[in-house]
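A.B. asks: Please see the structure below; I have some questions.
The values are calculated or read from the model by the stated rules, or taken from the named source; none is laboratory data. Since the structure is predicted, the reported quantities are computational estimates derived from the model, not experimental observations. Please note: Cβ atoms are built from the backbone with ideal geometry, for glycine as well, and neighbour counts cover all protein chains shown. Surface accessibility is based on the protein's heavy atoms, side chains included, excluding ligands, DNA and RNA. Shrake-Rupley method; radii C 1.70, N 1.55, O 1.52, S 1.80 Å.
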Amino acid sequence: MDRVEEVLTLDPTTYRLTSHRFRCAFVIPSSAGSLRYGQEVTERTKGVFPGTISLPAGVG
């Protein structure tokens with residue numbers, strides 16, 4: 001593991017999550033030196049979700 005970074009941004013009045021970013025990087029040794037693998041995942045939320053969120057049966 002070379003690096004891990006996670007950033008959460010909250011709305012200052014409602015404390016709801018408005019954006020999320022996760023980045024990681026790995027250094028993998030190889031016979032030719034080393035390989036570096038990185039990944040970045042981002043997401044943003046906006047507006048009001050009109051549906052209902054519930055746990056699956058048997059969870060919680």
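A.B. asks: Within the range 45-57, can one find any residue that is in contact with a strand residue (DSSP E or B) (Cβ under 7 Å, 6 or more places away or on another chain) and at pLDDT below 95?
C.D. replies: Kept after step one, since they are in contact with a strand residue (DSSP E or B) (Cβ under 7 Å, 6 or more places away or on another chain), are these residues of the range 45-57: 45.
If we keep only those that are at pLDDT below 95 too, we end up with 45.
Within the range 45-57, one or more residues are in contact with a strand residue (DSSP E or B) (Cβ under 7 Å, 6 or more places away or on another chain) and at pLDDT below 95.
A.B. asks: Can you tell me which condition Thr13 does not meet? The list is (1) part of a strand (DSSP E or B); (2) over 14 Å from the mean Cα position of the chain (by Cα); (3) not aliphatic (A, V, I, L, M), and all the others hold.
C.D. replies: (1)
A.B. asks: Still on this structure, please answer the following. Sort out which residues of the range 16-60 are assigned to a loop (DSSP other than H, G, I, E, B) and either within 30 Å of Met1 (Cα to Cα) or touching a Ser or Thr at 6+ places or on another chain (Cβ under 7 Å) (or both), and write them in order of number. If you could, list the steps in order and put the result at the bottom.
C.D. replies: Kept after step one, since they are assigned to a loop (DSSP other than H, G, I, E, B), are these residues of the range 16-60: 16, 31-32, 45-60.
Residues satisfying the conditions are Ser31, Ala32, Thr45.
A.B. asks: Looking only at residues in the range 16-39 that are among the hydroxyl-bearing types (Ser, Thr, Tyr) and farther than 18 Å from Phe49 by Cα, which one is farthest from the chain's Cα centre (by Cα)?
C.D. replies: Our first condition is that a residue be among the hydroxyl-bearing types (Ser, Thr, Tyr); within the range 16-39, this holds for 18-19, 30-31, 34, 37.
Add one more test, that the residue is farther than 18 Å from Phe49 by Cα, and what stays is 30-31, 34, 37.
Details: Ser30: 28, Ser31: 32, Ser34: 26, Tyr37: 17 Å.
Top of the filtered list is Ser31.
A.B. asks: Then there is this: Provide a single number: the residues in the range 18-37 that are open to solvent by less than 90 Å² (accessible area, probe 1.4 Å) and touching an Asp or Glu at 6+ places or on another chain (Cβ under 8 Å).
C.D. replies: The initial filter retains those residues of the range 18-37 that are open to solvent by less than 90 Å² (accessible area, probe 1.4 Å), namely 18-28, 30, 33-34.
Retained after the next criterion (residues that are touching an Asp or Glu at 6+ places or on another chain (Cβ under 8 Å)): 18-27.
Final tally of qualifying residues: 10.
A.B. asks: Additional query: Given the criteria more than 22 Å from the chain's Cα centre (by Cα) and surrounded by fewer than 10 Cβ atoms within 10 Å (Cβ to Cβ), does Thr52 qualify?
C.D. replies: Numbers: more than 22 Å from the chain's Cα centre (by Cα): yes; surrounded by fewer than 10 Cβ atoms within 10 Å (Cβ to Cβ): yes.
In short, yes.
A.B. asks: Within the range 38-49, how many residues turn out to be open to solvent by less than 100 Å² (accessible area, probe 1.4 Å) and in contact (Cβ under 8 Å) with a residue 12 or more places away in the chain?
C.D. replies: So the first thing to find is which residues in the range 38-49 are open to solvent by less than 100 Å² (accessible area, probe 1.4 Å), and the list is 38-39, 41-43, 45, 47.
Filter again for in contact (Cβ under 8 Å) with a residue 12 or more places away in the chain, leaving 38-39, 41-43, 45.
Total satisfying the criteria: 6.
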